[in-house]
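Participant: Just dropping this structure here.
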Amino acid sequence: MNKLININGQLMDFDRPRVMGILNVTPDSFYADSRSQSADEVAHRVHQILDEGGDIIDIGAYSSRPFAEHITPDEEISRLRWALDIVRREAEDAVLSVDTFRSDVAKMCVEEYDVAIINDISGGEMDKQMFATIAELQVPYILMHMKGTPQDMQVSPTYEHLMKEVLYYFSKKMAQLRDLGVNDIIIDPGFGFGKTVDDNYLMLEHLEDFQLFEVPLLVGVSRKSMIYKVLGGAPETALNGTTALNTVALMKGADILRVHDVREAKEVISIVEKLKR
């Protein structure tokens, strides 16, 4: 299956999986070492992602960790303008994604900073104008599954049948986007977003099921609690577990790995690609 997305007029293929490096400009992201709070830290992180082989830089200014503080649109825009000015100065041609659920924030980032992809944790649920805005902007859209909001998603999440509910969610949302004329969709099952540890592993076990949508599949498990709640430790000690789960995800069809550790993700891709030959 030949999956393609349009990035600023150029086609990006997934003949080989891609790596999305995380750039957090939040003071409270769950993995402390990922927070970039000064101009030098942002610049360093941009070059680190690109030098280690990252294909996309995903910039987040609103922490989506469980029970995160809800910040205002003005605060999110202020953080993003500050960060994007630095990123564009350091890497004028880098492929950028912005992690936001707000349509006005998405519009600003695309129109003013040539951001190529919008990564929406809420699938349009937290801003009903998002789908129409994406259709207007005509940029690739990462459609993620989340039950609830970051403030309440981990308060006893329950499903009658996890996979049926998640697959139905994507089927319904993709139909809505297609009806609006959105052509470039990437799906993200939303590991850790309104799901128990067991839910996350069940979803990983059945990851091949998402191939039925015939669009690129993004997997983001980097240093998450589904790893260190099994192994012990904390995000800081979860790199080995991240590598293990990324390997499984690639074997089951992941097209994009969203990670904190780009070099290690690129190495996993090289090993799995060698194995598949």
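Participant: Alpha carbons only, please: Rg and Dmax for region 107-251, in angstrom.
Facilitator: 15.8, 45
Participant: Could you work out the per residue convex hull volume over the alpha carbons of region 176-277, in cubic angstrom? Before the final figure, lay out each step's value.
Facilitator: On the way: hull volume 11.7 nm³, N = 102.
Spread over its residues, the Cα hull of region 176-277 gives 115 Å³ apiece.
Participant: Cα centroids of region 6-23 and region 204-269: how far apart, whole angstrom?
Facilitator: Using only Cα atoms, the two centres lie 17 Å from each other.
Participant: To the nearest 500 deg cm²/dmol, what mean residue ellipticity at 222 nm is calculated for the chain from DSSP H runs of n ≥ 4 alone, each contributing -39,500 (n - 2.57), summed and divided by the residues? Intermediate values should be presented prior to the final figure.
Facilitator: Numbers: 9 runs with 112 residues, N = 277.
Counting only the DSSP helices, I get -12500 deg cm²/dmol.
Participant: Enumerate the amide H contacts of Ile186 below 5 Å, restricted to partners 5 or more residues apart or on another chain; note that Pro and chain-start residues carry no placed amide H.
Facilitator: Amide H neighbours of Ile186: Tyr141, Ile142, Leu143.
Participant: Evaluate E = 1/(1 + (r/R0)^6) for Ser38 and Leu231, where r is the Cβ-Cβ distance and R0 equals 30 Å; express this FRET efficiency to the nearest 0.05.
Facilitator: 0.40
Any read-out appearing in this document is the output of simple, stated calculations on the displayed coordinates, not a laboratory observation. The structure displayed is predicted, hence computed values, not measured ones. Reconstructed Cβ throughout: ideal geometry from the backbone, glycine too, with neighbour counts over all protein chains shown.
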